[in-house]
Structure formats: structure tokens, C-alpha cells
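*Asks:* Before I ask anything, here is the structure I am working with.
The values are calculated or read from the model by the stated rules, or taken from the named source; none is laboratory data. What you see is a predicted model; the values in this text were computed from it and never measured. Please note: Cβ atoms are built from the backbone with ideal geometry, for glycine as well, and neighbour counts cover all protein chains shown.
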């Protein structure tokens, strides 16, 4: 059940394809063995009011938070962090090269005892593939 939340400064919206970033991260996450495709969720939130570093309004940021249900090994979590960050850097390469921007990613574990869930997406995906 990987959740990917992208928090980004509004001043990047005209130069960065945020929907494309969501899609790039979804595809990369779903390609990782430890992430079941039916559980992957990627969403983005625009921050309209920010103050970064020295206050220059040209500065921008993209912060990616990855939340995973507990139980994956440290190696798997590190691989996920590397793979997802590489996907973000590749997608954002042009933006990174043309303006001041901070890009960060953090992986955190979700304590299953404190996070009940329901997910019927998997069964719907399986029904759709049977009906094709």
C-alpha cells in the first residue's frame, strides 16, 4: 500500500508537468516487486503560499513523501527510495537545470496496528482482466 504524496510550490506549476510526475512515480512504484500495483496511490498538493531559503520568489520545491505499510526490509525501502527519486529526477531534469529548485523524497513506515484500511481496487482490477 504505498502512498506517494507530492507537495510542491505553486511557482513550479507552469514549468513542471506535475500530472506527468504523478504518472512517472506511479509507473515506477508499480514496477517494484514489493509494491502491489493495486495499492499504489499518487497524489499532488500545490502550496500557494511558501517562503524558501532567502525568500527569492523564483525558488521552488517538490517534496515527495512515500508511506509504506511496515514489514518491508531496509534493503527494499532503500531500493524504493532510490528508484522513485531517480524517476522524479529524470522527469524533472529540465526544470532542475533551468531554475532554483529543491527536490526531496522521504520513505516512512505505516504502523499497521494504527492504520486500518479497505481496498477493493484489486478485486475490480481482477474482474476487469477476466472480462477482457
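*Asks:* If a residue must be in contact with a strand residue (DSSP E or B) (Cβ under 7 Å, 6 or more places away or on another chain) and either buried (at least 18 other Cβ atoms within 10 Å of the Cβ) or part of a loop (DSSP other than H, G, I, E, B) (or both), how many such residues does region 68-93 contain?
*Replies:* Count: 7.
*Asks:* Checking residue 65 against (1) touching a strand residue (DSSP E or B) at 6+ places or on another chain (Cβ under 9 Å); (2) modelled with pLDDT of 95 or more; (3) within 17 Å of residue 25 (Cα to Cα); (4) crowded, with 16+ Cβ neighbours inside 10 Å, which test does it fail?
*Replies:* Checking residue 65 against (1) touching a strand residue (DSSP E or B) at 6+ places or on another chain (Cβ under 9 Å); (2) modelled with pLDDT of 95 or more; (3) within 17 Å of residue 25 (Cα to Cα); (4) crowded, with 16+ Cβ neighbours inside 10 Å, the one that fails is (4).
*Asks:* Is one or more of the residues making up region 94-116 surrounded by fewer than 10 Cβ atoms within 10 Å (Cβ to Cβ), part of a loop (DSSP other than H, G, I, E, B) and touching a residue at least 24 places away in the same chain (Cβ under 8 Å)?
*Replies:* Yes, there is a match, as at least one residue in region 94-116 is surrounded by fewer than 10 Cβ atoms within 10 Å (Cβ to Cβ), part of a loop (DSSP other than H, G, I, E, B) and touching a residue at least 24 places away in the same chain (Cβ under 8 Å).
*Asks:* Something else: For region 34-60, which positions are under 14 Å from the mean Cα position of the chain (by Cα), surrounded by fewer than 19 Cβ atoms within 10 Å (Cβ to Cβ) and part of a strand (DSSP E or B)?
*Replies:* Restricting attention to region 34-60, the residues satisfying the condition of being under 14 Å from the mean Cα position of the chain (by Cα) are 35, 37, 39-46.
Subsequent filtering for residues that are surrounded by fewer than 19 Cβ atoms within 10 Å (Cβ to Cβ) retains 37, 39, 41, 43-46.
The answer is 41, 43, 44, 45, 46.
*Asks:* Could you count how many residues in region 1-33 are assigned to a loop (DSSP other than H, G, I, E, B), under 25 Å from residue 69 (Cα atoms) and within 15 Å of the chain's Cα centre (by Cα)?
*Replies:* Total meeting the criteria: 3.
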